[in-house]
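Okay, structure first, notes after.
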Amino acid sequence: MVDEPETFPPGQPLTGGLDDLRAFCAVVELGTLTAAARLLGETKGGISRRVQRLETHLGARLLARTPRAVTPTEEGGRFYQSTRDALALLDDAAETARQTRQGLHGLIRLTAPVDFATQVLPPLLVRFQQRYPQVRLDLTGQDAPLDLTAHRLDLALRVSLGPLADLSYPGLLLGTVRLRLYAAPAYLDTRGKPLSPEDVTAQALILAGPLRAAARLTLIGAEGPHVIPVRPSILASDFTSALRFAEAGGGVAPLPQPIAADAVAAGRLVPVLPDWHLGDARLYALTQDGRDGPARVRALVAFLKEALALETGQSA
């Protein structure tokens, strides 16, 4: 005989209100009562009582509990989706009501690849915060893609050499980032300046990120693509490290233009074969709710799209 799933009889009106709903959503998103309690500043027992009160009111078991984790039941999963969307609408409505007096405000949690987070975003985010001083920012530099819901993120910036693979969340193309060759002036004075793609093969090459495993590089110019074999002298896990190697005179490095921009402006690096490039990477902004997300997140996405277009010479 198979036991029927335990359910609870319908109870009185939802006395815990929005706090019970927020507690339930936190448990689903974080996976444990303990983590939800820590986030909301309550005790584990308090969170458990809130969830039980919801289950009693709805007459359905919402969570399956094990010693190690808590997962939503089928009913709980459906209820979570609706509840999360409803809470987002309520939060956005409350925020909108305050904006007429206070402007955009609140916390934006965002993540970006380490290179982008350290070399490109800081001055842009400072300018955004100067425009909207009541918006607070929490930036995480992480090359591995982070799930927005699991990590309670509002925005994820992703760089891809092709179409974006992660379609779990609404994505907006912010722009493209061109990869070019750069080297320190002192290095070129010693080794000579390449005049053609073939000349690059005789240079000390610094390859980083997705290029570090490449046996060939494709340079694109007015005459079309030109493939050259490469044997790098230095490999780096990220473009920021490759930038530092190039500044130190270690060789010629393919770098995204925004990563190299400050070094070029300061004269620490110069473009190599400026009429050639290695193609364009695409920069995407992923959010949980797309155009229906919080106004502050929409404002940041729009700001970044405009600012990056100006910096890379693209039309916004």
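Values in this text are rule-based calculations from the coordinates and carry no lab data. Bear in mind that the values here come from a model prediction, so they are computed numbers and not experimental data. Ideal geometry is used to build each Cβ from the backbone, glycine not excepted, and the neighbour counts take in all protein chains shown.
Could you work out the helix-only [θ] at 222 nm for the chain, with each DSSP H run of four or more residues adding -39,500 (n - 2.57) and the total divided by the number of residues, to the nearest 500 deg cm²/dmol? The partial results should precede the final answer.
Numbers: 11 runs with 130 residues, N = 316.
Taken over the chain, the calculation gives -12500 deg cm²/dmol.
Looking at (i) 1.26; (ii) 1.03; (iii) 1.11, which value of Rg/Rh (Cα atoms, Kirkwood Rh) comes from a calculation on the structure shown?
Recomputing Rg/Rh (Cα atoms, Kirkwood Rh) here gives the entry labelled (iii).
Using +1 at the C-beta of Lys and Arg and -1 at the C-beta of Asp and Glu, which of L195, A144, P123 has the Cα lying farthest in the positive direction of the dipole of the chain?
The residue sitting most towards the positive pole is P123.
Points 7 angstrom from Cα along the Cβ direction at L107 and D275: gap in nanometres?
About 5.4 nm, to one decimal.
T111's amide H: which non-local residues (gap 5+, or another chain) put their own amide H closer than 5 Å, with H modeled 1.01 Å from N in plane and none for Pro or chain starts?
Placed amide hydrogens put T140, L155, A156, L157 under 5 Å from T111.
Pop out the ³J(HN,Hα) list for the range 253-261 in order, Karplus 6.51 cos²θ - 1.76 cosθ + 1.60 with θ = phi - 60°, rounded to Hz; leave Gly and Pro as x.
These are the phi-based 3J(HN,Hα) values: 10, x, 9, x, 3, x, 5, 8, 4 Hz.
Evaluate the relative contact order of the chain (contact order divided by residue number), counting alpha-carbon pairs under 8 angstrom at least 6 apart; express in whole percent. Display every interim value, and only then the final one.
On the way: 527 pairs, mean separation 59.7, N = 316.
Relative contact order comes out at 19 percent.
Using amide H atoms built in the peptide plane, which far-off residues or other-chain residues are under 5 Å from A64 H to H?
Sorted by chain and number, the residues that satisfy this are T71, T73.
Magnitude of the Cβ-charge dipole of the range 177-280, K/R +1 and D/E -1, about the Cα centre, nearest 20 debye? Kindly include the intermediate steps, with their values, before the conclusion.
On the way: 9 positive and 9 negative charges, 47 e Å.
Charge dipole, the range 177-280, about its Cα centre: 220 debye, nearest 20.
Of L278, T240, P185, whose Cα points farthest to the positive end of the dipole of the range 177-280 (charges on the beta-carbon: +1 Lys, Arg; -1 Asp, Glu; origin at the Cα centre)?
It is T240.
Using a 10 Å cut-off around each Cβ, can you sort S241, S233 from fewest to most neighbouring Cβ atoms? Write down the numbers at each step before the final one.
Numbers: S241 18, S233 14.
Ordered from fewest to most neighbouring Cβ atoms within 10 Å, S241, S233 come out as S233, S241.
Hey, quick one: spin label on F303, modelled 7 Å out along Cα-Cβ, who in the range 120-153 has an amide N within reach, i.e. under 14 Å?
From the range 120-153, the list is 121-139.
Between R191 and T118, what length comes free when the chain is fully extended (0.36 nm per residue of separation minus the Cα-Cα distance, one decimal in nm)? Show your work: numbers first, answer last.
Values: separation 73, 0.36 × 73 = 26.28 nm, distance 3.03 nm.
Working it through step by step, the gained length comes to 23.2 nm.
For the peptides 130-142, 21-33, what is the packing order when you average, over each peptide's residues, the other Cβ atoms within 10 Å and list the highest mean first? Please list the in-between numbers first.
Working: 130-142: 14.0, 21-33: 21.2.
Result, highest mean first: 21-33, 130-142.
Could you run the Karplus curve 6.51 cos²θ - 1.76 cosθ + 1.60 with θ = phi - 60° over the range 268-276 and give me ³J(HN,Hα) per residue in whole Hz, x for Gly and Pro?
6, 10, 10, x, 10, 6, x, 8, 10
Could you tell me the calculated FRET efficiency between A295 and Q81, based on Cβ-Cβ distance and R0 = 25 angstrom, to the nearest 0.05? Could you put the intermediate results ahead of the total?
On the way: r = 22 Å, r/R0 = 0.89.
That gives a FRET efficiency of 0.65.
Order of F128, F239 from fewest to most other C-beta atoms within 10 Å? If you can, show how the numbers build up before the last one.
Values: F128 20, F239 29.
Ranking F128, F239 by Cβ neighbours within 10 Å, fewest first, gives F128, F239.
For the chain, build the charge dipole from Cβ charges (+1 Lys, Arg; -1 Asp, Glu) around the Cα centre, then report which of G106, L54, P256 sits farthest towards its positive end.
Toward the positive end, the furthest listed residue is G106.
Which stretch or stretches of the range 118-146 have amide N atoms under 13 Å from the point lying 7 Å from D262's Cα along the Cα→Cβ direction?
118-126
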